[in-house]
Amino acid sequence: MTNYKPKDFAELLGVSVKTLQRWDREGILKANRTPTDRRYYTHDQYLQFKGINTENDNRQIVIYARVSTRNQKDDLQNQVTFLRQFCNAKGIIVDQCIEDYGSGLNYNRKKWNQLLDEVMEQKIKTIIVTHKDRFVRFGYDWFEKFCMKFNTTIVVVNNEELSPQEELVQDIVSILHGFSCRLYGLRKYKKQIEGDEEIAEELQNGNKSDSRAKNQD
């Protein structure tokens with residue numbers, strides 16, 4: 001079950017941390033305490049505060065598994081098997097199993113976007129993944145809060161072995177490749193401008209005008 005620090009919980013509710021502290025003192029919304037006396041809040045507290053009835057919640061529980069390429073099909077099946085075993089051990093009934101291919105940096109994954117659409121349509125109760133980067137490589141915390149706005153919980157099992165480190169290298173390489181293509185495109189565009197005498201003359205005249213304006217100032 002997801003636990004929240006006071007700051008994150010306050011942001012989720014749209015109130016200040018001082019308000020949470022006051023509610024805690026007044027017994028309106030009591031905080032839980034760790035053995036070291038640090039305050040935290042649970043997802044159930046969020047649902048109760050929002051007045052959401054969890055007993056009659058018929059929304060779906062979804063397993064989401066992802067690998068970067070189809071060459072990693074075995075890794076994908078390992079994820080699915082592990083997550084199904086996890087759910088069986090916890091007595092969780094899975095309604096949908098999504099097997100996705102694509103980089104964690106790609107926000108245009110079709111199945112992933114369909115899942116987010118279903119979250120916004122209040123169709124998804126829980127999303128279960130092996131590791132945060134299976135859901136998204138960067139910005140996981142933002143997407144977790146986004147899902148929470150629609151009362152959807154993401155459960156991260158944290159099975160490190162099923163999150164291939166070589167994928168991180170591939171994603172970094174893809175980022176560098178993207179920047180390289182952009183830089184190459186800018187250089188090519190610059191050469192085209194320099195090769196066009198009319199555009200080059202207009203740019204030179206513009207630079208001269210800017211220089212005169214600065215000198216007058």
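Within region 18-164, DSSP assigns beta bridges of which about 10% are antiparallel (rounded to the nearest 5). Rg and Dmax, both from the Cα atoms of region 2-45 and both in Å, are 9.6, 27.
A straight chain from residue 40 to residue 111 at 0.36 nm per residue would run longer than the Cα-Cα distance by 22.2 nm. The three principal axes of the Cα atoms in region 1-122 give end-to-end lengths of 56, 33, 31 Å, sorted in falling order.
Shown here: region 42-111, whose C-alpha atoms stretch 45, 29, 20 Å along the first, second and third principal axes, sorted largest to smallest. With each label modelled as a point 7 angstrom along the Cα→C-beta vector, the residue 58-residue 149 pair spans 2.7 nm. Fully extending the segment from residue 97 to residue 122, taken as 0.36 nm per residue of separation minus the present Cα-Cα distance, adds 7.2 nm.
If you place +1 on the Cβ of every Lys and Arg and -1 on the Cβ of every Asp and Glu, how big does the dipole about the Cα centre of region 18-102 come out, in debye to the nearest 20? The partial results should precede the final answer.
Details: 14 positive and 11 negative charges, 92 e Å.
Taking the Cα centre of region 18-102 as origin, the dipole is about 440 debye.
Anisotropy class assigned to region 78-135 is oblate, per the alpha carbon gyration tensor with a/c at or over the 1.5 cut-off and a/b no larger than b/c.
Peptides 132-139, 114-121, 68-75 ranked from most to least packed, by the mean per-residue count of other Cβ atoms within 10 Å: 132-139, 114-121, 68-75.
Values quoted throughout were computed directly from the atomic coordinates according to the rules given, and no laboratory measurement underlies them. What you see is a predicted model; the values in this text were computed from it and never measured. When we count neighbours, we look across all protein chains shown, and the Cβ atoms used for this are built from the backbone with ideal geometry, even at glycine.
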